[in-house]
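Inspection log for the structure reproduced underneath, given as structure tokens.
The values are calculated or read from the model by the stated rules, or taken from the named source; none is laboratory data. Every value quoted in this text rests on a predicted model; they were computed, and no experiment measured them. All Cβ positions, even for glycine, are placed from backbone atoms using ideal geometry, and neighbour counts span all protein chains on display.
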Amino acid sequence: MEFMNIKILYDNTAKTGFLSGWGFSALVDNSTLFDMGENAESLLANMCAFGVAPEQIKRVVLSHEDWDHVGGMSLLSQFGDVQVYVPSSFSKSIKSEIRSFNPDADIVQIKNALEVEPNLVVTEELGIVREESSLAVRSSQGVVLIVGCSHPGLDKIMSRVVSEYGPIRAVVGGFHGFRKLKALVDVPIIVPTHCTKKAKDIVKLYPEQARLVSAGTELELEE
């Protein structure tokens with residue numbers, strides 16, 4: 001039996017032995033880093049607390065360019081020749097920063113969904129004011145959706161993913177401003193983080209499906 005591993009590297013709260021900070025970052029199977037929190041030192045410290053070395057990172061997916069999701073970008077200098085996936089709407093200044101931190105990084109701009117390796121998809125950028133991409137990991141059990149802040153609307157992101165890749169098994173990340181809680185009714189695993197103001201309401205409404213996590217939490221999902 002194989003399992004998908006998701007480590008919460010950065011969040012507003014932290015377990016003992018880890019550092020908290022405003023922002024979000026998650027690591028999938030010790031190789032795909034999703035977002036980079038707001039502080040590189042804290043991000044690196046939490047990676048080390050998990051026993052993950054910077055050279056293990058093969059790719060970085062940045063969901064949107066808010067400071068609390070890209071603030072740790074200076075850590076790119078320790079990642080070697082990684083691929084960095086960013087929405088095509090990212091500013092020139094942010095892309096220049098990426099290059100300055102890691103001249104060997106391959107910056108891939110996302111407008112439409114891109115399968116970066118089998119069953120690992122960086123979704124198309126959605127939204128008008130704050131464009132944002134997410135990460136969809138397909139498995140035999142359904143799609144595991146990892147989101148940054150869900151500024152375009154979590155329900156809209158989920159609807160697009162379901163139409164393209166099938167039922168969602170789990171959703172992990174920030175549900176900023178999300179109020180349509182009934183949209184989560186069919187999601188077996190709900191993991192609200194970071195900017196989710198209604199996290200406790202979600203857990204109360206879906207006690208068997210939802211769980212609260214912190215930096216230092218590790219999720220194991222059967223593939």
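Where residues in the stretch 161-184 are modelled with pLDDT of 95 or more and assigned to a loop (DSSP other than H, G, I, E, B), which of them is nearest to residue 22 (Cα to Cα)?
167
Looking at (1) touching an Asp or Glu at 6+ places or on another chain (Cβ under 8 Å); (2) at pLDDT below 95, which one does residue 133 not meet, given that it meets all the others?
Unmet condition: (2).
Could you list, in sequence order, all residues of the stretch 87-105 that are farther than 19 Å from residue 149 by Cβ and exposed (fewer than 12 other Cβ atoms within 10 Å of the Cβ)?
Selection gives 92, 93, 96, 103, 104.
Could you say whether any residue in the stretch 50-68 is on the phi > 0 side of the Ramachandran plot and either modelled with pLDDT of 95 or more or surrounded by 20 or more Cβ atoms within 10 Å (Cβ to Cβ) (or both)? Can you show your working first?
Narrowing the stretch 50-68 to residues on the phi > 0 side of the Ramachandran plot: 51.
Filter once more, keeping what is either modelled with pLDDT of 95 or more or surrounded by 20 or more Cβ atoms within 10 Å (Cβ to Cβ) (or both): 51.
Yes, there is a match, as at least one residue in the stretch 50-68 is on the phi > 0 side of the Ramachandran plot and either modelled with pLDDT of 95 or more or surrounded by 20 or more Cβ atoms within 10 Å (Cβ to Cβ) (or both).
Does the stretch 188-208 contain at least one residue that is in contact with a Pro (Cβ under 7 Å, 6 or more places away or on another chain) and not hydroxyl-bearing (Ser, Thr, Tyr)?
In the first step, residues of the stretch 188-208 are kept if they are in contact with a Pro (Cβ under 7 Å, 6 or more places away or on another chain); the result is 199, 202.
Of the ones still in play, those that are also not hydroxyl-bearing (Ser, Thr, Tyr) are 199, 202.
Yes, there is a match, as at least one residue in the stretch 188-208 is in contact with a Pro (Cβ under 7 Å, 6 or more places away or on another chain) and not hydroxyl-bearing (Ser, Thr, Tyr).
So is residue 80 surrounded by fewer than 16 Cβ atoms within 10 Å (Cβ to Cβ), assigned to a loop (DSSP other than H, G, I, E, B) and at pLDDT below 95 or not?
Working: surrounded by fewer than 16 Cβ atoms within 10 Å (Cβ to Cβ): yes; assigned to a loop (DSSP other than H, G, I, E, B): yes; at pLDDT below 95: yes.
Yes; evaluated as a whole, the condition is true for this residue.
Spot the failing condition for residue 115; the list is (1) more than 24 Å from residue 54 (Cβ to Cβ); (2) crowded, with 20+ Cβ neighbours inside 10 Å, and only one is missed.
Of the numbered conditions (1) more than 24 Å from residue 54 (Cβ to Cβ); (2) crowded, with 20+ Cβ neighbours inside 10 Å, the odd one out for residue 115 is (2).
When only residues in the stretch 30-82 that are without any contact (Cβ under 8 Å) to a residue 60 or more places away in the chain and of a type in the set (Phe, Trp, Tyr) count, which is farthest from residue 19 (Cα to Cα)?
It comes out as 79.
In the stretch 185-223, what residues are aliphatic (A, V, I, L, M), assigned to a loop (DSSP other than H, G, I, E, B) and farther than 28 Å from residue 19 by Cα?
Listed by number, the residues that qualify are 185, 187.
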